[in-house]
Amino acid sequence: METRNNVTEAVVNSGKGKQKKGIFARIMLFFRQVIGELKKVVTPTRSELVNYFFVVLGFVVVVIAIVTALDFVFGQGSILLFTRQVEQ
């Protein structure tokens with residue numbers, strides 16, 4: 001009998017010399033694998049979560065600053081380029 005931790009290993013070995021399973025069996029196998037993988041997920045501690053939050057927040061602020069600076073530079077450049085006074 002398979003344990004839930006060995007579901008992935010059993011699937012790898014099951015494809016050798018066996019007949020193809022039906023659609024519902026494959027769907028159920030998929031969901032069993034998803035549940036098995038989700039059980040391996042480790043949730044972060046509160047301090048890790050706060051740390052990740054500030055890292056992401058800092059990265060977003062830096063990207064916003066870069067996009068704002070580029071927008072300003074290209075906006076000013078287009079204003080200078082397209083509003084040049086024609087000399088007569």
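Computed from the coordinates by the stated procedures, all read-outs in this text should not be read as laboratory data. Here the structure is a predicted model, which means the values were calculated and not measured.
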For this session: Kindly give the semi-axes, whole Å and largest first, of the ellipsoid equivalent to the range 44-88, taking each as the square root of 5 times a Cα gyration tensor eigenvalue.
Result: 44, 4, 4
Exercise. Quick one: length gained pulling Gln85 to Phe53 fully straight, 0.36 nm per residue minus the C-alpha distance?
Worked result: 6.6 nm
